[in-house]
Amino acid sequence: MADSRFFKKEGPFTLAELAQKCECELGPYAQPDLVLEDVKGLEEAGPKDLTWAFIASVRDSLKKSSAGACITSEKFVEYVPEGMAVLLSKDPHRSYGLAAQMFYPERVESFISPEAHIDETAVLGEGCRVEAGAFIGPHVELGKGCRVDANAVISSGVKMGDGCIVGANASVSHCLAGNKVYIYPGARIGQDGFGFAMSVKGPVKVPQLGRVVIGDDVEIGANTTVDRGAMGDTEIGSGTRIDNLVQIAHNVKLGRCCVMVSQVGIAGSCEFGDFVVAAGQAGFAGHLKVGTGAQIGAQSGIMKDIPAGTIVMGSPAVPHLEWMRMNVLLQKLVKETKKGNKDV
């Protein structure tokens, strides 16, 4: 159950409204005019609540649930209790996300704290909210309905579109961002890349003269860093999701709808296609190309280009089936070695 101290609920909504906006079809026991007041988990939900089920481990909970309606797929319908309305979805997780957004939308109430510093040349769109301690520098442009949380810093010349959020203590510089960009607390966007010319006389700093260019509907997690380009831009494609504690170096280019999970590290000038997924702690050497739809396993070490649609694991990374065979053979070798030692 969402705590009303932190989350403001909308609704109620009819089953027909939910089906239309959540990409569902009315299934068994579904009456279009059924009114639902909230979204809750299977065990907490009551007759006026909407719930969801899309993984095998919740089948028993689904059978016992008292929810008024459930978002699920065809293969789970047999586990739905008699009388519980069904909203059928080809992607129940996505549909639940859309439903939860309906009941608990992200709202920005217009407010400018007198304790915020906003340069007189900055331009803020209608309905923005700026909290105490925030700093908005010269010639910054923010679109409509943006939110800048406490102690966030938006440096000179930054431009962001409508509905953007800059979390508490985050910093943004040398950046052009589209609409609905969410920069989580503590993130660092647009600072110098790790640019040094190495020589026997010691390292010489190379000025980082590029920008960070972010598309629409992008989320960048807490304490993540995205360095600006050295020459040219670092680019984050529309729809991309970047988890907490990710390092993206100068001139990296991520395509559309990529997913970078926590502690991924990407060295400079790597180029990713669309829909690339990198699991936690994967690391990429510099100047690599990763094709569209590639999937990188957790803790993988990527040292060469990855073709489109390839799944790799291990360090150095190899195709996942090869990695699995290698591990089976290694386990057999260990067992045989232990057996041999006992026989000696």
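Annotations for the structure displayed:
- Normalised by the number of residues in the chain, the mean separation of alpha-carbon contacts (under 8 Å, six or more apart) gives a relative contact order of 7 percent.
- Modelled this way, with points 7 Å down the Cα-to-C-beta line, the labels at residue 132 and residue 63 are 5.4 nm from one another.
- Cross-link partners of residue 75 among aspartates and glutamates, defined as those whose alpha carbon lies under 18 angstrom from its own and excluding same-chain residues fewer than eight positions apart: 23, 25, 60, 91.
- Rounded to whole numbers, the Karplus 3J(HN,Hα) couplings from phi for the stretch 71-88 are 8, 7, 10, 4, 6, 9, 4, 5, 9, 6, x, 4, x, 7, 5, 10, 9, 8 Hz, using 6.51 cos²θ - 1.76 cosθ + 1.60 with θ = phi - 60°, and x at Gly and Pro.
- Relative contact order (%) - criterion: Cα under 8 Å, at least six apart; region: the stretch 201-344: 13
- Summing Lys and Arg as +1 and Asp and Glu as -1 over all other residues whose Cβ lies under 14 Å from the Cβ of residue 129 gives a net charge of -4.
- Counting only residues at least eight positions apart within a chain, or on another chain, the lysines with an alpha carbon under 30 Å from that of residue 180 are 8, 9, 21, 40, 90, 144, 159, 253, 289.
- Probe 1.4 Å, protein heavy atoms only - accessible area per residue of the stretch 87-149 in square angstrom: 55
- Amide H contacts under 5 Å for residue 311, placed H, 5+ residues apart: 295, 320
- Pairwise FRET efficiency - residue 9 versus residue 117, Cβ, R0 = 30 Å, nearest 0.05: 0.30
- Global form of the chain, assessed from the alpha-carbon gyration tensor, a/c cut-off 1.5: oblate
- Among 111-121, 261-271, 39-49, the peptide with the highest mean count of other Cβ atoms within 10 Å heads the list, and the full ranking is 261-271, 39-49, 111-121.
- Span from the the stretch 221-296 Cα centroid across to the the stretch 136-203 one, whole angstrom: 17
- Using only side-chain charges placed at the Cβ, +1 for Lys and Arg and -1 for Asp and Glu, the dipole size of the chain relative to its Cα centre rounds to 1480 debye.
- Cα gyration tensor shape for the stretch 131-278, rounded if a/c is under 1.5, else prolate or oblate: oblate
- Over the stretch 196-313, accessible surface divided per residue gives 44 Å², non-protein components excluded, 1.4 Å probe.
- Cα-based shape type of the stretch 107-180, given that a ≥ b ≥ c are square roots of the gyration tensor eigenvalues and the cut on a/c is 1.5: rounded
- Heavy-atom accessible area, probed at 1.4 angstrom with all protein chains present, ranks 325, 5 as 5, 325, highest first.
- Rolling a 1.4 Å probe over the protein heavy atoms of the chain, with every protein chain left in place, gives an accessible area that is 55 percent carbon and sulfur.
- For the stretch 5-46, a simple Cβ point-charge model (Lys and Arg +1, Asp and Glu -1, everything else neutral) yields a dipole of about 240 debye relative to the Cα centre.
- Taking every alpha-carbon pair under 8 Å whose residues sit at least 6 apart, the stretch 257-305 reaches a relative contact order of 36 percent.
The values are calculated or read from the model by the stated rules, or taken from the named source; none is laboratory data. None of these values were measured; they are calculated from a predicted model. Note that each Cβ is placed from the backbone with ideal geometry, even for glycine, and that neighbours are counted across all protein chains shown. In case anyone asks, the SASA skips ligands and DNA or RNA and just uses the protein heavy atoms, side chains included. Shrake-Rupley method; radii C 1.70, N 1.55, O 1.52, S 1.80 Å.
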